[in-house]
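Input: a single structure, listed below in structure tokens.
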Amino acid sequence: QVQLVESGGGLVQAGGSLRLSCVGSGRTLITNVMGWFRQAPGKEREFVSAITWSGGTLYADSVKGRFTISRDNAKNTVYLRMNSLKPEDTAVYYCAVELLGLGTNVDDYDYWGQGTQVTVSS
């Protein structure tokens, strides 16, 4: 079993930055893909970014050039650095782990954190 705990969310003005962190426990995640999704009120959960154990990355088009995903395998931790934030980035951000493959769909991921709220004011 894997437990994921996100942190780093908060309220920020448009144009500002935040860094989200997600720490995994219960098993080593060094060989697994770790990803970030987000869900805005009234909308479906959507893919934001993912990173493989070796550092390969994927980004949603809406965040390319603004968000950077990284991971520290020794700490079982994945980060999401978010720059140039926009009001449309407001959502609950979820960390997730995929045991096999590198996917961008919610159903591809096997474990989820509880989420952290990010609110961007205009």
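Using θ = phi - 60° and the Karplus relation 6.51 cos²θ - 1.76 cosθ + 1.60, list the HN-Hα couplings for segment 70-81 in order, rounded to whole Hz, with x at every Gly or Pro.
8, 8, 10, 5, 5, 9, 6, 10, 10, 10, 9, 8
Just to confirm the filter: which trypsin sites (Lys or Arg not before Pro) across segment 1-56 are DSSP coil and have at most 10 other Cβ within 10 angstrom of their Cβ?
Hits after loop and neighbour filter: Lys43.
Quick one: length gained pulling Lys43 to Ser121 fully straight, 0.36 nm per residue minus the C-alpha distance?
Full extension from Lys43 to Ser121 adds 26.2 nm.
Fully extended, how many nm does the chain gain between Asp107 and Asp72 (0.36 nm per residue separation, minus their Cα-Cα distance)?
My answer for the length gained is 10.1 nm.
For Lys64 and Ser25, what is the calculated FRET efficiency with R₀ set at 22 Å and r taken between the beta-carbons, to the nearest 0.05?
0.15
Once you keep just the Cα pairs under 8 angstrom separated by 6 or more residues, what percentage relative contact order results for the chain?
36 percent.
Can you work out ³J(HN,Hα) from phi for every residue in segment 106-122, in order, using Karplus 6.51 cos²θ - 1.76 cosθ + 1.60 and θ = phi - 60°, giving whole Hz and x for Gly and Pro?
Couplings: 4, 5, 6, 9, 9, 10, 9, x, 8, x, 9, 7, 10, 10, 10, 8, 8 Hz.
Report, in cubic angstrom per residue, the convex hull volume of the C-alpha atoms of the chain.
Cα-based convex hull of the chain, divided per residue, equals 90 Å³.
Read-outs: derived from the displayed coordinates by stated rules, not from any lab. All figures in this text were calculated on a predicted structure; none of them were measured in a lab. Neighbour counts are summed over all protein chains in view; Cβ atoms, including those assigned to glycine, are modelled from backbone coordinates with ideal geometry.
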